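Engineer: Handing you this structure, nothing more for now.
The values are calculated or read from the model by the stated rules, or taken from the named source; none is laboratory data. Bear in mind the structure is a predicted one, so any value in this text is a computation, not a measurement. All Cβ positions, even for glycine, are placed from backbone atoms using ideal geometry, and neighbour counts span all protein chains on display. All accessible areas refer to the heavy atoms of the entire protein, side chains included, with ligands and DNA or RNA removed. Shrake-Rupley method; radii C 1.70, N 1.55, O 1.52, S 1.80 Å.
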Amino acid sequence: MRWTAIVVVVGALVRVAHADDASDAETLFNEGVKAKEAGKPAEACEKFRASYEKNRNAVGTILNVALCDEEAGKIGSAHKLFSEAEARAKEQNLAEHEKAAQEHKDKLAGDVPRVTVGFTELAPEMKLVVGGDVVDTSSTSDIEVDPGAVKIVASAPGRVP
């Protein structure tokens, strides 16, 4: 009986924390919009990114972070985010957002740098990180990256990265 009470309390706390994150995300998003309208793109992008960290499901936020990445020349990151925004907009029946995401994604598609990582042997529990993103070791071809130098780290327990 004690365990049930603890689970219920923890579940309630998680819901409150989630609601607080959603509220904070909306506040940060609105601050980003105001900064963008005031001609402060760096501040706007900072607010949009902070909002995205609080709520990774908000299509408008994802689109704005993707636009920030596109404007900063991070076209690999932007392309991934536009793809994510398109999928989420489709799930949420947001046709206008879906169309905008698709148009931006399609515009960038041919210019996105890609890398392929090959292994002679996969170690058990191997982890691959490309440009800061964890990549599934079973699909290591055609990995989208941002232009410039890309750090690639393969690691496994008991092995040197």
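Engineer: Is there any pair linking a residue in segment 120-143 that is within 15 Å of Val160 (Cβ to Cβ) and open to solvent by 60 Å² or more (accessible area, probe 1.4 Å) to one that is charged (D, E, K, R) and in a loop (DSSP other than H, G, I, E, B), with Cβ under 9 Å and at least six apart or on different chains, and which?
Structural biologist: Close Cβ pairs (under 9 Å, with a partner that is charged (D, E, K, R) and in a loop (DSSP other than H, G, I, E, B)) do not exist here.
Each row is one residue, and each column tells you yes or no for (1) crowded, with 22+ Cβ neighbours inside 10 Å; (2) charged (D, E, K, R).
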residue: Thr27; (1), (2): no, no
residue: Glu31; (1), (2): no, yes
residue: Lys34; (1), (2): no, yes
residue: Glu37; (1), (2): no, yes
residue: Glu43; (1), (2): no, yes
residue: Lys47; (1), (2): yes, yes
residue: Lys54; (1), (2): no, yes
residue: Asn57; (1), (2): no, no
residue: Leu67; (1), (2): no, no
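Engineer: Out of the helices (runs of 4 or more DSSP H) lying entirely within segment 37-94, which hold 1 or more residues that are in contact with a strand residue (DSSP E or B) (Cβ under 7 Å, 6 or more places away or on another chain) and closer than 22 Å to Leu108 by Cβ? Walk me through it before giving the result.
Structural biologist: Working: elements: 41-54, 59-71, 75-91.
Where helices (runs of 4 or more DSSP H) fall fully within segment 37-94 and carry at least 1 residues being in contact with a strand residue (DSSP E or B) (Cβ under 7 Å, 6 or more places away or on another chain) and closer than 22 Å to Leu108 by Cβ, they are 75-91.
Engineer: Applying the selection to segment 104-119, what residues are open to solvent by 60 Å² or more (accessible area, probe 1.4 Å) and touching a residue at least 12 places away in the same chain (Cβ under 8 Å)?
Structural biologist: Asp111, Arg114, Thr116, Gly118, Phe119
Engineer: Please enumerate the residues belonging to segment 78-103 that are open to solvent by 30 Å² or more (accessible area, probe 1.4 Å) and touching a residue at least 40 places away in the same chain (Cβ under 8 Å).
Structural biologist: Of everything in segment 78-103, just one residue is open to solvent by 30 Å² or more (accessible area, probe 1.4 Å) and touching a residue at least 40 places away in the same chain (Cβ under 8 Å), namely Lys80.
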